[in-house]
Amino acid sequence: MEVIGLTGGIGSGKSTVARIFGKLGVHWVDADDVAREVVEPGTQALARIAAHFGEGILLDDGALNRAKLRTVVFENPDERAWLEALLHPVIRDELIRQLHSKDTDPGYALPYVLLVSPLLLETNQHELTARVVVVDVPEEIQIERTMGRDTNTREQVERIIAAQMPREKRLQKADEVVDNTQELSDVERQVGEIHKTFVVAFG
Ligand code: ADP
């Protein structure tokens, strides 16, 4: 069983492309979901965050106040480094555990699973993957689609894009590229071809 990485900038269409793979029967693990799970109430990581930043970093119900944590680390690179040193290994271990559980599912007949992650190439997560699929759109489409989906302003989206890997560098690291500029039927055709390539390569 191989792990294929699926990545792209914010609003490029990772979730959309993952769902299209899903329609072909492909299972996936979403690194954003895992990043939330590892800091749920009761986890060791959340206890360490509360010990480090103080109980004020928690909401009344004991869950992590993500907005507050984002503000703290945005303003302080040392705190950001501390948080990443704590969370990246924990997220990676949990990703491996969840990917492996797909692997050992006897009902699963395909030779690969997807790891969907916005930070696949920025972290060591790509080391878990045999191939990297990049979902690509020009920055203007990224901005428009993200603003259409979320309540972010243009400036906020531009700031997030500026903090992510530049488009050209991401494309250089791609084994396969999904051009997500056209309508969904066009994306489905591309995903179908990539899926066939992987089934032949790993089947
Ligand atoms: P990501 O997971 O990379 O952040 P999404 O898959 O959520 O991106 O896509 C961002 C937004 O753009 C969503 O609202 C989605 O429905 C829309 N979208 C994605 N692909 C297309 C497309 N080919 N045409 C039109 N809208 C799209």
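Structure data summary
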read-out	value
Set A163, A174: member being within 16 Å of the ligand (Cβ to nearest atom), exposed (fewer than 12 other Cβ atoms within 10 Å of the Cβ) and among the hydrophobic types (A, V, I, L, M, F, W, C)	A163
Test result for A50, part of a helix (DSSP H, G or I), in contact with a strand residue (DSSP E or B) (Cβ under 7 Å, 6 or more places away or on another chain), surrounded by 12 or more Cβ atoms within 10 Å (Cβ to Cβ) and not assigned by TED's automatic domain parsing to the domain that holds T197	yes
Which numbered condition R92 fails, given (1) surrounded by fewer than 19 Cβ atoms within 10 Å (Cβ to Cβ); (2) within 14 Å of the chain's Cα centre (by Cα); (3) part of a loop (DSSP other than H, G, I, E, B)	(3)
Exclusive hit being outside the structural domain of H88 (by TED's automatic domain parsing), within 14 Å of the ligand (Cβ to nearest atom), under 30 Å from F198 (Cα atoms) and touching a Ser or Thr at 6+ places or on another chain (Cβ under 6 Å), set V157, V135	V135
Filtered residue count, the range 7-47, keeping only those that are closer than 24 Å to L86 by Cα, in a strand (DSSP E or B) and of a type outside the set (S, T, N, Q)	2
Residue in the range 55-75 that is within 16 Å of the ligand (Cβ to nearest atom), among the small types (G, A, S), at pLDDT 95 or above and part of a loop (DSSP other than H, G, I, E, B) present	no
Failed criterion for D33 (all others in (1) within 14 Å of the ligand (Cβ to nearest atom); (2) surrounded by 19 or more Cβ atoms within 10 Å (Cβ to Cβ); (3) more than 16 Å from V135 (Cα to Cα) hold)	(2)
Test: residue in the range 2-21 that is farther than 20 Å from E176 by Cα, within 16 Å of the ligand (Cβ to nearest atom) and not basic (K, R)	no
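The values are calculated or read from the model by the stated rules, or taken from the named source; none is laboratory data. In this text the structure is predicted, and so the values were computed from the model without any measurement. Note that we place each Cβ from the backbone using ideal geometry, even for glycine, and neighbour counts take in every protein chain shown.
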